[in-house]
Each structure stands twice: as C-alpha cells, then as structure tokens.
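These notes concern the structure reproduced below.
Read-outs: derived from the displayed coordinates by stated rules, not from any lab. Only a predicted model underlies this, so the values are computations on that prediction, with no experimental measurement involved. Note that each Cβ is placed from the backbone with ideal geometry, even for glycine, and that neighbours are counted across all protein chains shown.
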C-alpha cells in the first residue's frame, strides 16, 4: 500500500490506530459469502458468453481483416509506385565494397597523374630559357628605342622646318609690307581697292583640294596671304570669311582680321 | 474487475477476499448486524451488476467504498440505529477472550469494549472517515472523494476522529492515551 502523502499519523493517532487494528474482526457469515459468490459466478458466466459473442471476436472476421491489411500493404508499397524526382539519377549507387575493390586502381591513377605533372611543368618556358633569350630581347628593345629616337628627330626637324617656314613667311610678309609701304603712293594710285576674287578662288581651290601637294598648298597659302595683305593695306574693305579659313593665326593677326 | 467483466469468475473471488472483511466491518461498526449484512450484500450485488459497464477511472477500492457510503447514507443514517453496533461487537469479543487468561481477558475485553463504545459515540461523520481509513485502508484524498468533501476537510475530520477516540478512551480507562 502506498503511504498517504496527505496524512501522517501523529504518535497518539498511531496508538489509537494500533488499538483499533487489534480488535477482533467479526467474521462474515458463510451464507452471506456463498450467496455473493454464487451471484458473481452466474454473472461471470453471462459476461463470458456476451464477451465471446462479440462480433469483432469472430474467427472469420479476424482472418478477413488480416487479408485486408496485407493486401493494403502490398498495394501501397509496390516498389514500382515509388518514382524518383525528376533529375535524380535512378541508377544504384556504388556500394562500399565495390569502392574498396577499386581503391588500388584509383590510387595508381592518382600516382600516375602526380608523376606526369613535372613533365607538363617542364613544357612551360623556364626562367633559364628566358634568360638565354635575353640578348635578343635586349637587341629588339634597342632597335625599338632607335626607331623612337628617329621619330623624335624627324619630328624635331619637322618642327624646326615649320618654325623656319614661319620665320620665312614673317620675313616675307614684312618685306612685302615694307616694299608695299614704300610703294604706297604709286600703288595707291595704280592698284584698285578690290579683291581679285577670281585669283583668290583659284588659290582657295588649291587649298581645298585634298590631293594637292603640300608644296602647292604652301605656295597657294603664301600667295593668298600676300594678296589679302595687299588688299588690307589699301582698303579696310571686307574680306570674305572663306579666304581667311586657310590662313594661320599669325597671318590673320597680320591681316587684322582676328577679332574684327 | 475488468477480468471479471470478461467472464473471469476467479478475478471476482480475488477482489472479494481482498475487500470483503473491511467492507463488512465498515458496515458493522456503524449499524446493526442485520443491516450491515443487508448493506454488505447490496454493495456486492451492485459491483457484480456494474461489472459490464465498469470504467477504470479510479482505484477499485475507492469505487467500492463510494458505493458503500451511498448505501449507508441512504439506509442507515435516517434510521438512527447506530447504537446497535456495540452489542454485535460484544458478542464477538466474548468468543475471542475465552482463549486468554481470566485477568488478561478481562483487561483486554474492557479495553476493546471501551474502544468500541468510544467509536459508537463518535459523531457519524467522524466515525465514517475513521472506518474508511482503518478498514478500507484508503488515503485521505480518496476518503474526501468518497464522502464528497474537500481534502482539507477530510484531513480535519480524520484528525478530530482520532483525537475524540483518544480522549474518550482516556476518560473511560482512566489513563492518558
């Protein structure tokens, strides 16, 4: 019997309990006991019959239920009904035994691969070969430097030539201006104050012609500038823009057309 | 009980042997012999009839004594026949004391008689919880469930029962218990 968790005897209570338990226990009359047991026996027989007659205890029903369960299990768990998801390989995975059997072969393949690696590395250009080729490379670099230097010299010469041309042009212009200034009275009397547009257009055609040589263009430019300068010295008349387009800044400055 | 409901008679025999003595005394300490036997038989009859629909929601002992309590309340307390208890106990004590020496027998008989007298003098509510404890072997919580009172009230009632018996014995026998 489990101890009473909610009630514990006090000493004096325990004493009373002990005294009570020592009291003689009156016997149950035998007739009463037999009457109760007889009633229980009859009832037990009734209970047993009712229990055994239960529909769910019929043997045939048990067999039918077993067949039904087995059938359902077989239908539901057919291997063919298990479809793998799309994209998942359906083949069997290699077993651990097969992998272990293949292990020596795989190790050999790995070793061969490691051995072939230095050969592949040797096929690449080594530092030594690069150093052996170095003089040729230096020579080729020297040649390149010479080419660059020649270009620079050529450009310098061209710039000097250009500078020379400009100086010549300036001297020429000054000379023209001086000579024309010296002849102003005569020229003023002789030269009309108008532009020889026919001649200027010819010079302009030369300047606009892409196929014309630089020499011809230079000459045309000089002649154009000289004619315009002569016109400017005689008149403040308007010079059409198309004749000024091919003049340099210095020439325009000399004509006084800049910012006009 | 469930085995008996399936037709196992021996299961009922076991139950009967285990609980019949306490249940019989539970009745005989509170009413006359004749009434106790009637109630005892009625309780077991109810148990047999209710076996088919028995639900194991509580301990069998609790269920058994709840039936007994209801029978007692319905049949005995209205008749106020509790005083008959002492006479029945005196008869059985006389038979028991014949096996002992005259002095011991007289002393024990006086002691038992005093105890039974004090038990009979107990208020009915205290007497019942005392008997449920001593004869049914029930715990206070089960007793409270059977007599439909709270746990604290059950404990309090049981304490009062023991205290009353102890004081009564002391006064009757002239010794401190």
Taking the mean number of other Cβ atoms within 10 Å as a proxy for protection, how do you rank B:48-59, B:18-29 from highest to lowest?
B:18-29, B:48-59
Rounded, prolate or oblate: which fits segment A:197-238, taking a ≥ b ≥ c as square roots of the Cα gyration tensor eigenvalues, rounded meaning a/c under 1.5, else prolate when a/b beats b/c?
prolate
Based on the alpha-carbon gyration tensor of segment A:1-46 and its eigenvalue square roots a ≥ b ≥ c, which shape applies: rounded if a/c is under 1.5, prolate if not and a/b is larger than b/c, or oblate?
oblate
For segment B:16-59, what number results from the quotient of the Cα radius of gyration and 2.2 N^0.38 Å?
1.27
Computed over segment B:103-177, the Cα gyration tensor eigenvalues, each multiplied by 5 and square-rooted, give semi-axes in Å (largest first) of 27, 12, 9
Ranked by Cβ crowding within 10 angstrom, fewest neighbours first, how are B:125, B:158 ordered?
B:125, B:158
Report the FRET efficiency, 1/(1 + (r/R0)^6), for residue A:168 and residue A:232, where r is their Cβ-Cβ distance and R0 is 35 Å, rounded to 0.05.
0.95
Using a 10 Å cut-off around each Cβ, can you sort A:210, B:66 from fewest to most neighbouring Cβ atoms?
A:210, B:66
